[in-house]
1. Under 14 Å from the Cβ of Asp127, count the other residues' Cβ atoms, weight Lys and Arg +1, Asp and Glu -1, and hand me the total.
2. Placing one identical point scatterer on every Cα of region 3-181 and ignoring solvent, what is log10 I(q)/I(0) from the Debye formula at q = 0.15, 0.17 Å⁻¹?
3. Please report, in debye to the nearest 20, how large the charge dipole of region 3-181 is about its Cα centre when each Lys and Arg carries +1 at its beta carbon and each Asp and Glu carries -1 there.
4. Give me the net charge of Gly117's neighbourhood, meaning all other residues with Cβ under 14 Å from the Cβ of Gly117; Lys, Arg count +1, Asp, Glu -1.
5. By average Cβ neighbour count within 10 Å, what is the ranking of 168-179, 223-234 from highest down?
6. Going by the alpha-carbon gyration tensor, a ≥ b ≥ c the square roots of its eigenvalues, is region 116-198 rounded (a/c under 1.5) or, if a/c is not under 1.5, prolate (a/b greater than b/c) versus oblate?
7. May I ask you to list the trypsin sites (Lys or Arg not before Pro) in region 39-138 that are in a DSSP loop and have at most 10 other Cβ atoms within 10 Å of their Cβ?
8. Just rank Asp39, Asp119, Asp150, fewest to most, by other beta-carbon atoms within 10 angstrom.
Amino acid sequence: MVSHTFTTLYTEINGQTIAGIPEFSSVTTLDGRQIDFYDSEIKKLIPRQDWMKEFASGDRFKEYTEIREQVQQIYKINIHFLMQQFNHSHGVHTYQRMYGCDWDDQTGASEGFDQYGYDGEDYVALDVKELRYITPVPQGFITTVKWNNDRAQLEFLRQYYQHECVDRLKQFLTLRKVDLERRGTPEVSLLQKDFSSPVECHVTGFYPAAVTITWLRNEEEHYEDVDFGDLLPNMDGTFQKTVTLTVFPDEWRNNHFLISALCQLINAIITLFLRTCKSIHALLCVMGAFIFVL
């Protein structure tokens, strides 16, 4: 099961803030990585990923910018209403909304979420399944009654979370996938401090996450004294992994024909690895090779 999350966070701040912190900001993320940003100072929606620039050139991105401008004006009014509800006449206060959807690319199941907060605490949330607003605080009662009576808006939100939100998530996943797949072969590095220390092979920049890294010794898969590190995400959406092999010094002499036999069978990724291997130390090259199956 692979679950993906598409989230937008609006933040309105009332009161004197630290220099450089905007009064209003909007951040959209895909699987936890920022894909666009807007604030009240730059007054422009900025793509944060290279693959988002293609989407940014379309009319829909212009529409998203206009929505942020409208939300900025509405939130300036809403936060003053909330300050009255909580009996706050001055000071720095925040009003936030986080909404979006999760989608499982294996089962196709999806779920929307829509939450509002005041000063970092829950204020009002939409129960997407029941299609009604709920609140954990008495100050939110007036808002839930008003919003629950707006059936047209609730129906719009039902359609949005069932269809449009998931469709947009899938579109962004496709744009990201195309961009990551055109990046080429992963980067491979081989490290060893001295002959008695473990050999570390670090592979980074591959996509998708499904990758098999196998140490070959005398043309056979070798798993003894091999430590497979965790699969880790990179900031650009690709992945990295480290595989460590512990080799005893007297083993070097027994495997010096391995690479010459494998060189004619391996693919381009392995060839890249062998060149890297040779540049570090010749003795490492006679020990083995990694095969990467993407």
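1. Local charge sum for Asp127: -1.
2. Debye curve over Cα of region 3-181, log10 I(q)/I(0) at q = 0.15, 0.17 Å⁻¹: -0.96, -1.19.
3. Numbers: 19 positive and 28 negative charges, 62 e Å.
Approximately 300 debye in magnitude.
4. Working: positive: Arg97; negative: Glu12, Asp114, Asp119, Glu121, Asp122.
With Lys, Arg at +1 and Asp, Glu at -1, the net is -4.
5. 168-179, 223-234
6. Taking the square roots of the gyration eigenvalues as a ≥ b ≥ c, region 116-198 is oblate.
7. Lys129
8. Final ranking by Cβ density, sparse to dense: Asp150, Asp119, Asp39.
Here, each number is a calculation from the coordinates, and none is a lab measurement. Keep in mind the model is a prediction, meaning the values are calculated, not measured. Ideal geometry is used to build each Cβ from the backbone, glycine not excepted, and the neighbour counts take in all protein chains shown.
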